[in-house]
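The values are calculated or read from the model by the stated rules, or taken from the named source; none is laboratory data. The shown structure was predicted, so the numbers you read here are calculated from the model rather than taken from an experiment. Reconstructed Cβ throughout: ideal geometry from the backbone, glycine too, with neighbour counts over all protein chains shown. These area figures cover heavy atoms from the full protein model, side chains too; ligands, DNA and RNA do not enter into them. Shrake-Rupley method; radii C 1.70, N 1.55, O 1.52, S 1.80 Å.
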Amino acid sequence: MHSSQRILVVGSANADVILHVPRNPVSGESLLVRDRLNGLGGKGSNRAVALSRLGADMQFSCKIGRDTQGDILLSAYERENIAPDLIFYDEQTGTGTAYVLVEENGNNTILSYMGANETYTRNDLDKLLSAMPRFGYLSLELEISLPVVEELLSEARACGVHAIVDAGPARSVPLGLFRGALVLSPNEVEAAELTGIAITSDREARQACVKLYESGCRNVILKLGAQGAMLYDGQEFIRFPAYRGAGEAVDTTAAGDCFMAALTFGLSRGMDMHGSIRYANVAAAISVTRPGAIDALPSREEVDRLYARSLEEES
């Protein structure tokens, strides 16, 4: 049965290797790593766990290998109350892996090995397409096979499902891919890859938003890191400053994924676009105060409390 609040998350599942470095190395340079941590991640996993912790009515679909990393991910999903019904397996290709370089200022660079994330079969995809009409929202990103992304977005349009697309990681794809999406949301690097416009000023940010909007999506939300987000709905540009009341930033690894999950949750619960972006900014602000990806994602209680406080501060 179709539910306007149900969210289908389709995306990547990765084992994370997190390296704490003084700064990003330049070409040919060797750097000592201050700390090495193993974690759970992938843009899809991050959004799914974030939505589960927010109390969303959601289901997650990903593809993993029949390996130790895949078993660890499945155990983590079980702990997070994420059902395995739409999780697929690859018998030959290993589970995806992300190598995360975290600098001392909290900024990060991520190197992704796609692995099973890009080995969807026709049978896998047919199961996803047949499930689509049961959902009101599709939460998607570009860290899986692009032909799969294309078919899912096409089916979402046909079924009247609201597609919310995190346009990361940075990949060169035709903008027409995003036609009909309710939200298309890149960060500055991803927007530059999609539009050819290097974003170094507010003027260039607006130009990129316009070009992205011309893809046929309904709203562009440009994620600007510590500067918050910019919304363009085809009529006006609105800036939403980052929320500063959660504490000091130590790791931005999961911030964008947390933002996208909270945005989708807000919209699915009847918030308007502006309120959903503010809610997402608060959730992301909490996530950056903690190290790691999944470990950094906040609970519904935490986000609701700080969101209420943010509204009081604005009034």
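With a 1.4 Å probe and all protein chains left in place, how much of the accessible area of segment 1-64 comes from carbon and sulfur atoms, in whole percent?
52 percent
Tell me, what is the FRET efficiency for Val173 and Arg305 to the nearest 0.05, using R0 = 45 angstrom and their Cβ-Cβ distance as r?
0.70
Considering only protein heavy atoms and a 1.4 Å probe, what is the carbon-and-sulfur percentage of the accessible area of segment 65-203?
Of all accessible area on segment 65-203, carbon and sulfur atoms account for 47 percent.
Which whole-number value in Å² is the accessible area per residue of the chain, probe 1.4 Å?
43 Å²
Using the Cβ atoms and a cut-off under 12 Å, what net charge is assigned to the surroundings of Arg300, where Lys and Arg are +1 and Asp and Glu are -1?
Taking every other residue near Arg300 into account, the sum is 0.
With contacts defined as alpha carbon pairs under 8 Å and 6 or more residues apart, what's the relative contact order of the chain in percent?
Relative contact order here is 18 percent.
For Ala76 and Arg269, FRET efficiency with R0 = 25 Å and r from the beta-carbon atoms, rounded to 0.05?
Calculated transfer efficiency: 0.50.
Need the C-alpha centroid separation for segment 2-54 versus segment 246-287, integer Å.
Computed from Cα coordinates, the inter-centre distance equals 16 Å.
Measure off 7 Å from each Cα along the Cα-to-Cβ vector at Thr289 and Ser3, then give the distance between these two points in nanometres to one decimal.
Going by the 7 Å Cα→Cβ label model, 3.1 nm.
Take every Cα pair under 8 Å in segment 1-132 that's 6+ residues apart, average their separations, divide by the length, and report that relative contact order as a whole percent.
29 percent
Compute the whole-percent fraction of alpha carbon pairs in segment 60-136 spaced more than 16 Å apart.
That fraction is 59 percent.
Return the carbon/sulfur percentage of the accessible area of segment 260-315, one whole number, probe 1.4 Å, all protein chains in place.
It is 47 percent, rounded to a whole number.
Along Cα→Cβ, 7 Å out, is where each label goes; now give me the distance between the ones at Arg36 and Ser201 in nm to one decimal.
With each label point 7 Å from Cα toward Cβ, the separation is 4.5 nm.
In Å³ and rounded to a whole number, note down the convex hull volume per residue for the Cα atoms of segment 11-79.
Convex hull of Cα atoms, per residue: 132 Å³.
Hey, what do the phi angles of segment 271-276 turn into as Karplus ³J(HN,Hα) couplings, whole Hz, using 6.51/-1.76/1.60 and θ = phi - 60°, x for Gly and Pro?
Once rounded to whole Hz, the list reads 5, 6, 4, 5, x, 5.
Would you mind listing how long the chain runs along its three principal axes, going by Cα atoms, in whole Å with the largest first?
52, 51, 40
What is the sum of charges around Glu103, taking Lys and Arg as +1, Asp and Glu as -1, for the other residues whose C-beta is under 13 Å from the C-beta of Glu103?
In short, -1.
What FRET efficiency would be calculated for the residue pair Gln227, Lys127, taking the C-beta separation as r and a Förster radius of 35 Å, to the nearest 0.05?
0.30
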